[in-house]
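Accompanying notes for the structure given below.
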Amino acid sequence: MLTQVVPPTGPLLAQMPSGREIHTLKPFQPPLLDATTLEAMRAPPDRSDEAGAYPSSDEETLAHATPVGAYPGTQGDYRTATPSSPNYY
Amino acid sequence: MPYPFVLPTTSSFSFSSSFSCESHPSLPLNASTHRGVVRETLKKHKRLPPSSQPSSLSSVVSGINGYLPYLFAVDAGLSHKAIHGDEVNVILKTAPAIEWRPTISDSPIPGKELPRVKIQSLEYEVFFTLSTLASAYALQARAALHPLYVTSTAPVGTQHRQTAVAAATRSLLDAAGIYDYLSSRAEGLVTSPPCADISPAAVRAQASLALAEATLLAVLKDDPYPAVVAQDRNANDTEWMYKAPDMPKVRAHLFARLCLAASEHATQAHSLCAGRSAGGRISEGFVRYLEDLRRTSRAKACRFFGIDSELGGQTGTAIAWLQAGLQELGVERKESKKTGGFGRFKKEWAEKREDRKVEKGGNWGADAGKLEETRVIEMLETKWAKQNDTVRSDYRIFEAMDT
């Protein structure tokens, strides 16, 4: 057995065959309401649609809640520092 | 490993404020209720630490699947279509005002969360809801594959590996099907999209991306080499003691062509997303991932052509294929065989960092497997080059003895 010469890569890349598919896409079918659920909705709504009354932001409920026992408006002073922080003292 | 998508969040919305339904008066209220569930699960998901987010994906998916029939009923009602032969009559009172936070659009301020976009038609609600579902499917695929990449515990068994890959493939094909549906739906739209996330180009690119990833999984399922390079770094792995990777020749050639198909899909996705499309730019990170995936797939194809040549006794050609693979990956050729100095240190550091990322379960694999493929190719190249060189020195000894 002889040592084989390593050929240049250019011609190899040029002779690459085409790709081969393995999957066929299953088309998405929009799900439908079942007949009973649809029929039940012929009745008038049993309560008002108040979804829009909730806070619309996903963050605003993250805002600092007032700590228990704090004087109103001073919640900023109660922000907890990380105990391990070197700037704690 | 699929892209680490971030799931969007959305504002609350009351269907009754914009729509009324004469035939089914309770439809708007019920749609709002189910939409409220989706909004809550997305909000909860966002607040979880990255390592616990995978566990909340199933509630996101079931929330959206619960909402979709109502959303499509309102949608059908707007065009007076019948469901089960029952005509639904929905009237638009005022244009809806719904907000969604895009996740793959380019951020005007780097590192900062994207501002929310306001959409004013139910059509884009369909787009956002479905693309969120598809992203959740892609993330479920990631979660299924995660155990295969952890190097701090014993490697998963063959059976477990096959099940994980099969589940991930199903999720990715579901995602691809959804994007395919959206892209055919986008053809009928005349308005320009509110943001890049749901632009026709992005939607089509996402379909190609999911298909590319699913195609690569067909190869990953039976590719023994990534496990071999992972063994190096896994103290709990003992399989190398009794098993060397082997692969039938026919399979090597087939795998190469599957990888080429994956790279064609990734190329298409990349060309759709690079540059400016309707709705604005797509985030640089996502575009880079598409480019990396294209490169990784091409390099994998080269490696399998190399394995094919090596099995046929053509070591020289096999080494050339590996070199072509490294070129595809954009890895600089090291001229001297000496792997030392800073380059090696840098690579080891990058590997360690990626291992740690996998550990913590954050955005691991954001390089589309480039690092892993580089490891595999370099391992094979060292091995085959040594074989080729050894043959030569033996031959020279014989030559010397003859004279």
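Annotation: of all residues in the range A:30-43 being among the small types (Gly, Ala, Ser) and either closer than 17 Å to B:ALA31 by Cβ or in a loop (DSSP other than H, G, I, E, B) (or both), the one that is farthest from the other protein chains (Cβ to nearest Cβ) is A:ALA40. Picking from residues in the range B:243-264 that are outside any helix (DSSP H, G or I) and of a type outside the set (A, V, I, L, M), the one that is nearest to the other protein chains (Cβ to nearest Cβ) is B:PRO248. Restricting the range B:268-304 to residues that are under 20 Å from B:THR374 (Cβ atoms) and among the hydroxyl-bearing types (Ser, Thr, Tyr) leaves a set whose member that is surrounded by the most Cβ atoms within 10 Å (Cβ to Cβ) is B:SER297.
With respect to B:GLY316, is the statement that it is within 14 Å of chain A (Cβ to nearest Cβ) and surrounded by fewer than 19 Cβ atoms within 10 Å (Cβ to Cβ) true? In short, yes. For the range B:175-206, filtering for residues that are touching a Ser or Thr at 6+ places or on another chain (Cβ under 6 Å) and either within 14 Å of another protein chain (Cβ to nearest Cβ) or at positive phi (or both) leaves 2.
The single residue among B:LEU42, B:LEU68, B:LEU57 that is in contact (Cβ under 8 Å) with a residue 60 or more places away in the chain, crowded, with 17+ Cβ neighbours inside 10 Å, away from chain A (no Cβ under 11 Å) and assigned to a helix (DSSP H, G or I) turns out to be B:LEU57. Scanning the range B:327-334 for residues that are surrounded by fewer than 22 Cβ atoms within 10 Å (Cβ to Cβ), within 29 Å of B:PRO4 (Cβ to Cβ) and within 11 Å of another protein chain (Cβ to nearest Cβ) turns up at least one hit. Residue check: is B:THR132 more than 16 Å from A:ILE22 (Cβ to Cβ) and out of contact with any helix residue (DSSP H, G or I) (no Cβ under 6 Å at 6 or more places or on another chain)? Spelling it out, B:THR132 is indeed more than 16 Å from A:ILE22 (Cβ to Cβ) and out of contact with any helix residue (DSSP H, G or I) (no Cβ under 6 Å at 6 or more places or on another chain).
When B:SER62, B:SER14, B:SER52 are screened for being farther than 30 Å from B:CYS273 by Cα, among the hydroxyl-bearing types (Ser, Thr, Tyr) and at pLDDT 95 or above, only B:SER14 passes.
The residues of the range B:1-29 that are surrounded by 19 or more Cβ atoms within 10 Å (Cβ to Cβ) and assigned to a helix (DSSP H, G or I), listed by number, are B:PHE15, B:SER16, B:SER18, B:LEU27, B:PRO28, B:LEU29.
Can you find even one residue in the range B:90-100 that is under 20 Å from A:PHE28 (Cβ atoms) and either among the aliphatic types (A, V, I, L, M) or part of a loop (DSSP other than H, G, I, E, B) (or both)? No - not one qualifying residue is present in the range B:90-100.
As a summary of the residue check, B:HIS146 satisfies the conditions (1) surrounded by fewer than 22 Cβ atoms within 10 Å (Cβ to Cβ); (2) away from every other protein chain (no Cβ under 11 Å); (3) under 26 Å from B:PRO69 (Cβ atoms) except for the one numbered (3). Among the residues making up the range A:20-29, those that are within 7 Å of chain B (Cβ to nearest Cβ) and modelled with pLDDT under 95 are A:LEU25, A:LYS26, A:PRO27.
Just give me the residues in the range B:142-195 being hydroxyl-bearing (Ser, Thr, Tyr) and either farther than 29 Å from B:GLU125 by Cβ or without any contact (Cβ under 8 Å) to a residue 24 or more places away in the chain (or both), in sequence order. Those that are hydroxyl-bearing (Ser, Thr, Tyr) and either farther than 29 Å from B:GLU125 by Cβ or without any contact (Cβ under 8 Å) to a residue 24 or more places away in the chain (or both): B:TYR149, B:THR151, B:SER152, B:THR153, B:THR158, B:THR163, B:THR169, B:SER184. Evaluate the following for A:ASP77: is it modelled with pLDDT of 65 or more, closer than 30 Å to B:HIS45 by Cα and more than 7 Å from every other protein chain (Cβ to nearest Cβ)? So A:ASP77 passes the test. Just give me the residues in the range B:346-403 being within 11 Å of another protein chain (Cβ to nearest Cβ), surrounded by 12 or more Cβ atoms within 10 Å (Cβ to Cβ) and either modelled with pLDDT under 75 or under 26 Å from B:ARG295 (Cα atoms) (or both), in sequence order. Within the range B:346-403, B:GLU381, B:TRP384, B:ALA385, B:VAL391, B:ARG392, B:ASP394, B:TYR395 meet the criteria. Looking only at the range B:294-309, decide whether some residue is of a type in the set (Asp, Glu), within 22 Å of A:PRO8 (Cα to Cα) and modelled with pLDDT of 90 or more. Yes, there is a match, as at least one residue in the range B:294-309 is of a type in the set (Asp, Glu), within 22 Å of A:PRO8 (Cα to Cα) and modelled with pLDDT of 90 or more. When residues in the range B:10-30 are screened for being closer than 25 Å to B:THR103 by Cα and either among the hydroxyl-bearing types (Ser, Thr, Tyr) or more than 9 Å from every other protein chain (Cβ to nearest Cβ) (or both), 4 of them pass. Within the range B:108-116, is even one residue assigned to a helix (DSSP H, G or I) and touching an Asp or Glu at 6+ places or on another chain (Cβ under 8 Å)? No, there is no match, as no residue in the range B:108-116 is assigned to a helix (DSSP H, G or I) and touching an Asp or Glu at 6+ places or on another chain (Cβ under 8 Å).
The values are calculated or read from the model by the stated rules, or taken from the named source; none is laboratory data. The shown structure was predicted, so the numbers you read here are calculated from the model rather than taken from an experiment. Note that each Cβ is placed from the backbone with ideal geometry, even for glycine, and that neighbours are counted across all protein chains shown.
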